[in-house]
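Enquirer: Shown below is the structure under consideration.
Bear in mind that the values in this text are calculations on the coordinates, not laboratory data. Every value quoted in this text rests on a predicted model; they were computed, and no experiment measured them.
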Amino acid sequence: MYRLLLSLLLTLLTLNVSAQRMIDTFHLYFDLNIATLNKNTEKKIDLLIYNDKIINGSSVMVVGYTDFLGSEQYNKNLSMQRAKNVKDYLIKYGINAADIKVCVGKGEVKRKDTTDKEGNPIDRKVDIVVNNKFNYSEQRHHYNATAAKPTKETAGSGGNVPAKTGSDLKDLSSLKEGQTLLLKNVYFPAGSHVIKPESYNTLEKLFTTLRDNPRLKISIEGHVCCIHGDVPDALDVDTNELLLSVNRAKAILRYLVNKGIDEDRLQFVGFGKQHPIVANERSEEDAEKNRRVEIRILSNQ
């Protein structure tokens with residue numbers, strides 16, 4: 001009986017550890033003799049971070065490889081540069097440099113058959129090995145308002161909510177609960193939730209404002225343009241979901257969380273086409289006004 005209870009206890013402990021600790025390996029592939037990341041590689045990293053496969057607090061190893069073509073020293077240097085480029089991209093997206101414990105180039109993957117003049121494409125890679133210490137509740141602050149009825153807290157400038165106030169991030173800390181601010185100079189590729197690098201200057205200012213005002217809580221609200229018919233939101237080509245405004249708002253939340261902002265201070269929502277600034281779009285200028293991300297003050301005390 002004692003042995004049975006001990007065995008059961010050990011099993012429960014093992015299951016608990018397994019649930020709390022996850023080690024994953026993700027493969028990124030490169031072209032022959034190329035160390036720079038291509039668009040597909042960047043997109044894969046974006047999705048890994050967006051889907052919380054890589055989060056701050058994880059222990060990350062970045063390991064580069066090459067195929068057998070080239071000299072030993074050349075392959076060593078090339079694999080190291082591939083790994084370094086991946087590390088730099090992770091840091092640019094908001095992963096803490098201190099969490100990347102290893103960044104190394106291993107050179108060529110050793111194989112018995114080295115007669116193929118084209119080399120072996122699957123060996124031209126970087127492996128990202130992630131030890132996520134804790135499971136992450138991705139949906140904890142995810143609410144989708146594209147199908148919801150607007151309330152006075154969420155209905156743009158309607159109801160009793162104070163009107164929108166300016167578009168300068170310096171104004172954010174002075175806004176009252178319910179007021180909104182247009183997040184300017186934040187860009188996404190057409191149909192994509194992946195944040196363009198030219199947006200990081202604005203997002204860094206947003207991060208700094210939140211860091212310097214620890215009582216400030218916000219909702220990140222996405223809006224899209226150019227949708228016709230009964231479709232409430234646009235198609236996100238990255239996930240193949242009709243949730244483009246939701247996913248763009250969430251991508252900004254993920255950026256802020258990865259920079260160190262407590263997630264309890266953040267919410268995100270996608271309104272799709274529910275709250276256009278220009279009701280009948282007739283020009284690109286009209287579409288640009290509707291295609292936007294806004295910050296709403298939830299609490300400032």
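Enquirer: Take the residue pairs K53/K117; K44/K110; K110/K196 and return only those whose Cα atoms are more than 31 Å apart. Display every interim value, and only then the final one.
Expert: Working: K53/K117 36 Å; K44/K110 26 Å; K110/K196 38 Å.
Pairs exceeding the cut-off: K53/K117; K110/K196.
Enquirer: Quick check: convex hull of the Cα atoms in the range 21-132, volume per residue, rounded to a whole Å³? Can you show the working numbers first?
Expert: Values: hull volume 10.4 nm³, N = 112.
Dividing the Cα hull volume of the range 21-132 by its residues yields 93 Å³.
Enquirer: What per residue convex hull volume, in Å³, do the alpha-carbon atoms of the range 169-300 yield?
Expert: Values: hull volume 14.0 nm³, N = 132.
Measuring per residue, one finds 106 Å³ for the Cα hull of the range 169-300.
Enquirer: For the range 190-205, take each phi angle, set θ = phi - 60°, evaluate the Karplus expression 6.51 cos²θ - 1.76 cosθ + 1.60, and give the result in whole Hz per residue in order, putting x for glycine and proline.
Expert: 4, x, 10, 9, 6, 6, 6, x, 5, 7, 5, 5, 5, 5, 5, 5
Enquirer: Residue-wise, which Karplus ³J(HN,Hα) couplings in Hz belong to the range 210-225, taking 6.51 cos²θ - 1.76 cosθ + 1.60, θ = phi - 60°, and x for glycine or proline?
Expert: 5, 5, 7, 10, x, 8, 6, 10, 9, 10, 9, 10, x, 9, 10, 10
Enquirer: Please list, in order along the range 29-34, the HN-Hα scalar couplings obtained from phi with the Karplus expression 6.51 cos²θ - 1.76 cosθ + 1.60 (θ = phi - 60°), rounded to whole Hz, x for Gly and Pro.
Expert: Calculated HN-Hα couplings, in order: 10, 10, 6, 4, 6, 10 Hz.
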